[in-house]
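Accompanying notes for the structure given below.
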Amino acid sequence: MKLSDTKATLSFSNGTPSMELPVYSGSIGPDVIDIRKLYGQTGLFTYDPGFMSTAACQSSITYIDGDKGELLYRGYPIEQLAVNCDFMDICYLILNGDLPDGEQKKDFDNQVTRHTMVNEQMHFFMRGFRRDAHPMAVLTGLVGGLSAFYHDSTDITNPTHRHISAIRLIAKMPTLVAMAYKYTIGQPYIYPQNNLSYTGNFLRMMFANPCEDYVVNPVVERALDRIFILHADHEQNASTSTVRLCGSSGTNPFAAIAAGVACLWGPAHGGANEACLNMLEEIQANGGMAKVGEFMEQVKDKNSGVRLMGFGHRVYKNYDPRAKLMQQTCKEVLAALGLENDPLFKLAMELERIALEDPFFVERKLYPNVDFYSGIVQRAIGIPTALFTAIFALARTVGWIAQWNEMLSDPEYKIGRPRQLYSGESARAYKKK
Ligand code: CMC
């Protein structure tokens, strides 16, 4: 970041002397006002619940222009990456800052592939969970549990440990997600197979069984790989900020990523894909197309508590570029699988059509987000609804770990410690009740 010629001046109406605040510019996007000395000089805090106007760090990984509907990973537009790269290219890019050449890609693939197995003991760890446990509950536990199995790579001051942990997390996440699925349906775990692609291997671990051969369907493989690419990183969203805050205490990477998984689970964040599909299924069960108008009236009624899941975004005030790519993938996958008439896809298209014309949504700049179509694609390729958010977590792991690593390498990094506006009782003497 560089110091801007502009300076901000904070003045007070009560006679407190005004204060000059430095302004910094990034490479693109809004400038920031540096308020780090504010409390020291004035005894005041800033108040910004939900971080509506607060940049909590500097980062060079992902850039979003919410008004334009633009998303860049390391400067490359998502639209170009989605059609020219596979998920391993994207992981390399996000972790290392640029796309790999042929040799670098081979080496990276090899590193990830060699770490896909999990410690056999983790199979016993799984047995403590109920069979009907939600996969995100299982995943939160398993990812946190990795630190108990791989404590040879938890020294956060050692760059080699940090690298191995990053590779381990990216490599083992598909194995853990597939294990969580197999456990709930009572099937044996399928070990990873090194001659398959990252995504092909995941599909095999999910859907193969020991009794017959499994052949990866390239259409399904490509669609899932696209889902992984579109979810790989997204700037300082809630789960990434959670990973940073958790990691800022110096905890190990597995613990920090487990915190990210837990945060992602919520329906306002990664849990929206599951909630969105449940919403579509409910509309369908209650009368389908004929009930779309009625449902939209409920969404617009603030007292109903009903939201159009998969719509709206804190940053995008235009079409989420990931949603556009996801809609296109959805069309391609449904056509390739002979599911062109999928009723839920038709419902989703109709909801979108109404929303894009309705003043309620137009005035609030509410557009489809990445979760609106991803559930339909995942359902079409056989992934159960309860596993959608776990797929998101799998894909976002690279972003989380890259952001965590970036934070640890930042000389300005400090433990995260927000302050508050206290509104409770002032000091009072103890009285027995
Ligand atoms: N349906 C109906 N109204 C909505 C919706 C929606 N999906 N989203 C926002 N609004 C309204 C909201 O009621 C408010 O109206 P008003 O100004 O009259 O009070 C206005 O739009 C602004 O909403 P907000 O909740 O203050 O905005 P936010 O930036 O705090 O929340 C959001 C962003 C994503 C949590 C929210 O849009 C939402 O709950 N969407 C549905 C859940 C969803 O799809 N989440 C996935 C987000 S993208 C992927 C990810 O991050 O994991």
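Which whole-number percentage describes the relative contact order of region 1-145, with Cα contacts under 8 Å and a sequence gap of 6 or more? Mind showing how you got there, number by number?
On the way: 111 pairs, mean separation 14.0, N = 145.
Result for region 1-145 is 10 percent.
With the contact rule set at Cα under 8 Å and sequence spacing of 6 or more, what percent relative contact order holds for the chain?
Worked out over the chain, it gives 19 percent.
Sort 251, 140 so the one with the fewest other Cβ atoms within 10 Å of its own Cβ comes first.
251, 140
Where Lys and Arg each count +1 and Asp and Glu each count -1, what net charge lies around residue 211 among other residues with Cβ under 15 Å from its Cβ? Walk me through the numbers before you get to the answer.
Working: positive: 182, 204; negative: 212, 213.
Its environment carries a net charge of 0.
Semi-axes of the chain's equivalent ellipsoid from the Cα gyration tensor, sqrt of 5 times each eigenvalue, largest first, rounded to whole Å?
Each semi-axis is the square root of five times an eigenvalue, giving 36, 29, 23 Å.
If amide hydrogens are placed 1.01 Å from N in the peptide plane, which non-local residues have theirs closer than 5 Å to the one on residue 308?
none
Taking H as built 1.01 Å from N, whose amide H comes closer than 5 Å to the amide H of residue 76, not counting residues under 5 places away?
Close amide H contacts, sequence-distant or interchain: none at all.
Can you give me the long-range amide H partners of residue 8? Hydrogens built in the peptide plane at 1.01 Å from N, cutoff under 5 Å, separation of 5 or more residues or another chain.
21, 23
In whole angstrom, how far apart do the alpha carbon centroids of region 47-70 and region 192-268 sit?
After rounding, the separation between the Cα centres reads 23 Å.
Between beta-carbons, use under 11 Å as the cut-off and find the net charge around residue 55, counting Lys and Arg +1, Asp and Glu -1.
-4
With θ set to phi - 60° and the Karplus curve 6.51 cos²θ - 1.76 cosθ + 1.60, what are the ³J(HN,Hα) couplings of region 225-238 in order, to the nearest whole Hz, using x for Gly and Pro?
Karplus values, whole Hz, x for Gly and Pro: 4, 5, 4, 4, 4, 5, 9, 4, 7, 7, 6, 9, 5, 4.
Roughly what would the spin-label model give for residue 346 and residue 363, points 7 Å off Cα along C-beta, in nm?
Here the modelled spin labels are 3.3 nm apart.
Report the FRET efficiency, 1/(1 + (r/R0)^6), for residue 83 and residue 337, where r is their Cβ-Cβ distance and R0 is 22 Å, rounded to 0.05.
0.65
At most 12 other C-beta atoms within 10 Å and a DSSP loop state: those are the exposed GluC sites (Glu not before Pro) I care about. Give me the longest piece of the chain that has none.
Looking at the chain, 213-339 is the longest stretch - no exposed GluC sites (Glu not before Pro) with at most 12 other Cβ atoms within 10 Å.
Determine the sum of side-chain charges near residue 363: Lys and Arg each +1, Asp and Glu each -1, restricted to other residues whose C-beta is under 15 angstrom from that of residue 363.
Overall, the nearby charge balance is +3.
Hey, what D do you get for region 292-433 in µm²/s if you plug the Kirkwood alpha-carbon radius into Stokes-Einstein at 4 °C and 1.567 mPa s?
Once the numbers are plugged in, D ends up at 69 µm²/s.
Return the Rg/Rh value of region 163-306, two decimal places, where both radii are evaluated on C-alpha atoms and Rh is the Kirkwood radius.
A ratio of 1.05.
Tabulate in residue order the Karplus-calculated ³J(HN,Hα) for region 421-433, using 6.51 cos²θ - 1.76 cosθ + 1.60 with θ = phi - 60°, rounded to whole Hz; enter x for Gly and Pro.
9, 6, 10, x, 4, 7, 4, 9, 6, 5, 9, 5, 9
Considering only 60, 374, 239, give the residue with the highest GNM mean-square fluctuation for the chain, with springs between Cα atoms whenever their separation is below 10 Å.
Ranking 60, 374, 239 by mean-square fluctuation puts 60 first.
The numbers here are math on the coordinates, done by the rules we state, and not lab data. In this text the structure is predicted, and so the values were computed from the model without any measurement. So basically every Cβ, Gly included, is an ideal-geometry build from the backbone, and we count neighbours across all protein chains shown.
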